[in-house]
Amino acid sequence: MVLLHLLRVLSRSLGYRLSAFHVHHGLSPHAHDWLSFCERSCEALDIPLKTSHVDVGDVAASGLEAAARRVRYGAFAELDADWLVLAHQRDDQAETLLFNLLRGTGWTGAAAMPAVRDFPGRPGMCLLRPLLDVSRREIAGYARANKLTWIEDESNLDARHARNFLRHDILPLLRERFPGCDAVLARAAGHFAEGESLFAQLAELDARVALRDGRIIVAELARLEAARARNLLRHVLKLKGVPMPDSARLDEALRQVCHAAADRRVAVDLGSVVLRRHRDESWLVPKLAPPLAIEWCGEETMDWGGAQLCLERVEGNGIALERLKGKPVTIRPRRGGERIRPDAHRPRRELKKLLQENGIPPWKREILPLLWCGEELVWVAGIGIDCAWQCRQGEAGLRPEWSAD
């Protein structure tokens, strides 16, 4: 509410267009009351309000706070804005620093929250935290002086949450023994941020040699000293928007990628992704459930294996559309034993061998879409169309395309 009031006052002289955004998590029994409060407050200030209802879903893997943050930032990513402004303040920064140090997240975590940064995955939108140097006490004083009303989230008192435990049990003891520690911790986060910036520049230099199409060249990673290799891996994870794992998990990932036997299938769980190795490269692969067979009913696009399968109608190219009529057309994952003949000058061959020859990684083979007409295999992503089904010049065709990193 203080941030909203400040931004409204400043908009008169700075001339930006201001709107507010409320995320309804549905976690509190008072969530609907909070939404009503935001609606009334924005109406009184003559500020447009947008809202989003989100489903936090399964919290077992990451915990409630992390799960709520993930869906909240997912909602933020849909906003049409140049700047997303958040009200984190100096006490929050101190809490974040302590929390991240206790998690062992290294320089990136110790840098806590930046005042300004690009919003991940949204070119043109930046995230701004203008109150990071302002204490909670000063903010409360501003609110009282300007007769602002606000709502206290009752979950902020629940010490079962790690941040609340630090806020209510640990920081008061630190303030008693070390007066002004919040400012000192926030300043330390700034020093760590400078260090992280230098490490990021080093990682960018290493990435020019060690990255190929966003994938890590294992031999180049193995040549780096351990701390520098970890720094590069953190850099790649940050570029991919992956929450940073702890140091022990990073060390295990590097050990397996760089030193496991060449014939071993490496798969290191890093939370939202799995780090895998294939031939001379290391890949970050999203966690995906195995796709289920679906029937094609003429759609131009279909969701498949974390990517879109496009089925474009063309002429003289692709699958002969006329031949698909009269039998069910289905998209299925591999089952094993399939054979296909994409080249008329070569015999029908085992799909398994074709996938190996084309360098398609083992985990990707499990989610590749295969298009069937009845019980005949027509097309395989990354391999091509069976020659018996290929469209001739002047015929109506269907050109399937699918690609997943």
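The values are calculated or read from the model by the stated rules, or taken from the named source; none is laboratory data. Bear in mind that the values here come from a model prediction, so they are computed numbers and not experimental data. Methodologically, a virtual Cβ is constructed for each residue, glycine included, from the backbone with ideal geometry; neighbour enumeration extends over all protein chains shown. What goes into the accessible areas is simple: the full protein's heavy atoms, side chains included, and nothing from ligands, DNA or RNA. Shrake-Rupley method; radii C 1.70, N 1.55, O 1.52, S 1.80 Å.
Scanning the stretch 320-355 for residues that are buried (at least 16 other Cβ atoms within 10 Å of the Cβ) and assigned to a loop (DSSP other than H, G, I, E, B) returns 333, 334, 338, 341, 342. The set of residues in the stretch 86-112 that are over 27 Å from residue 229 (Cβ atoms) and open to solvent by less than 40 Å² (accessible area, probe 1.4 Å) comprises 86, 89, 91, 92, 93, 94, 95, 98.
Among 137, 122, which is touching a residue at least 40 places away in the same chain (Cβ under 8 Å) and more than 13 Å from residue 95 (Cα to Cα)?
Working: 137 fails: touching a residue at least 40 places away in the same chain (Cβ under 8 Å).
Going through 137, 122 in turn, the sole match is 122.
Scanning the stretch 7-20 for residues that are assigned to a helix (DSSP H, G or I) and either open to solvent by 60 Å² or more (accessible area, probe 1.4 Å) or free of Cβ contacts under 8 Å to residues at least 40 places away in the same chain (or both) yields 8, 9, 10, 11, 12, 13, 14. The selection criterion, being outside any strand (DSSP E or B), closer than 30 Å to residue 264 by Cα, open to solvent by less than 30 Å² (accessible area, probe 1.4 Å) and in contact (Cβ under 8 Å) with a residue 12 or more places away in the chain, holds for residue 359.
May I ask you to say which residue of 183, 162, 115, 81 is more than 25 Å from the chain's Cα centre (by Cα) and either surrounded by 12 or more Cβ atoms within 10 Å (Cβ to Cβ) or of a type outside the set (Ser, Thr, Tyr) (or both)?
On the way: 162 fails: more than 25 Å from the chain's Cα centre (by Cα); 115 fails: more than 25 Å from the chain's Cα centre (by Cα); 81 fails: more than 25 Å from the chain's Cα centre (by Cα).
Only one candidate qualifies: 183.
Evaluated against (1) open to solvent by less than 50 Å² (accessible area, probe 1.4 Å); (2) out of contact with any His (no Cβ under 8 Å at 6 or more places or on another chain); (3) part of a helix (DSSP H, G or I), residue 35 falls short on exactly one condition, (2). Exactly one residue among 234, 265, 212 is buried (at least 16 other Cβ atoms within 10 Å of the Cβ) and on the phi < 0 side of the Ramachandran plot, and that residue is 234.
The single condition from (1) assigned to a helix (DSSP H, G or I); (2) of a type outside the set (A, V, I, L, M, F, W, C); (3) surrounded by fewer than 15 Cβ atoms within 10 Å (Cβ to Cβ) that residue 152 fails is (1).
Of the residues screened, residue 143 is one that is open to solvent by less than 30 Å² (accessible area, probe 1.4 Å) and in contact with a helix residue (DSSP H, G or I) (Cβ under 6 Å, 6 or more places away or on another chain). Being more than 15 Å from residue 234 (Cα to Cα) and within 15 Å of the chain's Cα centre (by Cα) is the filter; apply it to the stretch 268-292 and report the residue that is most open to solvent (accessible area, probe 1.4 Å). Applying the filter and picking the extreme gives 287. Within the stretch 54-65, residues that are within 21 Å of residue 78 (Cβ to Cβ) and at pLDDT 65 or above have Cβ atoms under 8 Å from residues that are open to solvent by 60 Å² or more (accessible area, probe 1.4 Å) and of a type in the set (A, V, I, L, M) in these pairs: 56/27; 56/64, counting only partners at least 6 apart in sequence or on another chain.
Of all the listed residues (2, 56, 23), the sole one being under 22 Å from the mean Cα position of the chain (by Cα), open to solvent by less than 30 Å² (accessible area, probe 1.4 Å) and within 15 Å of residue 85 (Cα to Cα) is 23. For first residues located in the stretch 85-102 and basic (Lys, Arg), partners that are surrounded by 21 or more Cβ atoms within 10 Å (Cβ to Cβ) and modelled with pLDDT of 95 or more and lie 6+ apart or on another chain with Cβ distances below 8 Å form the pairs 90/131.
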